[in-house]
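S.K.: This is the structure I have questions about; it appears just below.
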Amino acid sequence: MKWKDLFAPTERRFFTYLLEQADATIHGMELLLAFMTNRSGNHTREEIIQQMCNAEKHGDELRRNIITDLKGTFVTPIDREDIFALSRTIDNILDYADSTIKELELYKVEPTNKMMEMVKALNDSVTSLRAAIFHLVNDPEKASACTVHAKKMENAVEDLYRHALAELFELDDYKYVMKIREIYRHLSNAADRVDEAADIIGTILIKGNV
């Protein structure tokens, strides 16, 4: 037994925080997709925007909890720098989902099919990140497989992004092009953060200290 395992009942709460962050981000992606596809059930677009705002605030609160606890905790289950970085990247993904839904509404543009495909792939990738975090302690091999799938979905998003831009730049309405390009950029940035989070988890696995 590693000496820090003596602290496991208390200090492994950081995994719970990270899982909760991932859950909030998955929820944000689901809200974004519902907004884009108009599959919002009994909720209006305005209500979905408010739900997204609440999800983003909840994600920020979870991140503050992690930072506060990191400052006050002597022993952590994995390196505190990795906890901090992984929390930051997951929070960034949710921030980009929030920015996307707000700008769709602000710019008064309808989502494209490519946007919806990108969000579906992002949701898949974040779900894989959550699974990787869940399996970090007891099944490193499974955790590694989940990060591989997350990166595969990130590559899919970037491929969609490039093709979407190619189609977009064929249009003559430059104002529309600029608006849609900005929204595509948010989704591409979210994918970059997925890739970063997967790499952080990979680093944790290589260190083998969970």
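The values are calculated or read from the model by the stated rules, or taken from the named source; none is laboratory data. Owing to the predicted nature of the structure, the values given are computational and were not obtained by experimental measurement. Ideal geometry is used to build each Cβ from the backbone, glycine not excepted, and the neighbour counts take in all protein chains shown.
S.K.: Which pairs turn up if I take residues in the stretch 128-152 that are in contact (Cβ under 8 Å) with a residue 60 or more places away in the chain and over 20 Å from Met118 (Cβ atoms) and look for partners that are among the hydrophobic types (A, V, I, L, M, F, W, C) and outside any helix (DSSP H, G or I) with beta carbon separation below 6 Å, at least 6 apart in sequence or on another chain?
M.R.: From residues that are in contact (Cβ under 8 Å) with a residue 60 or more places away in the chain and over 20 Å from Met118 (Cβ atoms), the pairs are Leu136/Val210; Val137/Val210; Ala143/Leu136.
S.K.: Could you list, in sequence order, the residues of the stretch 168-198 that are surrounded by fewer than 13 Cβ atoms within 10 Å (Cβ to Cβ) and part of a helix (DSSP H, G or I)?
M.R.: Here is the first cut: in the stretch 168-198, the residues surrounded by fewer than 13 Cβ atoms within 10 Å (Cβ to Cβ) are 169-175, 178.
Tyr174, Lys175, Met178 - these are the residues of the stretch 168-198 that are surrounded by fewer than 13 Cβ atoms within 10 Å (Cβ to Cβ) and part of a helix (DSSP H, G or I).
S.K.: I'd like the full set of residues that are of a type outside the set (S, T, N, Q), assigned to a helix (DSSP H, G or I) and at pLDDT below 90, limited to the stretch 26-46. Let's see the steps before the verdict.
M.R.: Of the residues in the stretch 26-46, the ones of a type outside the set (S, T, N, Q) are 26-36, 39, 41, 43, 45-46.
Filter once more, so that each one left must be assigned to a helix (DSSP H, G or I): 26-36, 45-46.
Matches in the stretch 26-46: Arg45, Glu46.
S.K.: May I ask you to list pairs of residues, at least six apart or on different chains, whose Cβ atoms are under 8 Å apart, with the first in the stretch 45-71 being without any contact (Cβ under 8 Å) to a residue 24 or more places away in the chain and the second being small (Gly, Ala, Ser)?
M.R.: Glu47/Ser40; Ile67/Ser87
S.K.: Could you please find all residues in the stretch 50-83 being touching a Leu at 6+ places or on another chain (Cβ under 6 Å) and either aromatic (Phe, Trp, Tyr) or over 29 Å from Leu32 (Cβ atoms) (or both)?
M.R.: Arg80
S.K.: Additional query: Give me the residue from the stretch 132-162 that is farther than 15 Å from Ala191 by Cα and of a type outside the set (A, V, I, L, M, F, W, C) and, out of that set, modelled with the lowest pLDDT. Spell out how you get there, then give the answer.
M.R.: So the first thing to find is which residues in the stretch 132-162 are farther than 15 Å from Ala191 by Cα, and the list is 132-146.
Keeping just the survivors that are of a type outside the set (A, V, I, L, M, F, W, C) gives 135, 138-142, 144.
Values: His135: 94, Asn138: 88, Asp139: 93, Pro140: 93, Glu141: 95, Lys142: 96, Ser144: 96.
It comes out as Asn138.
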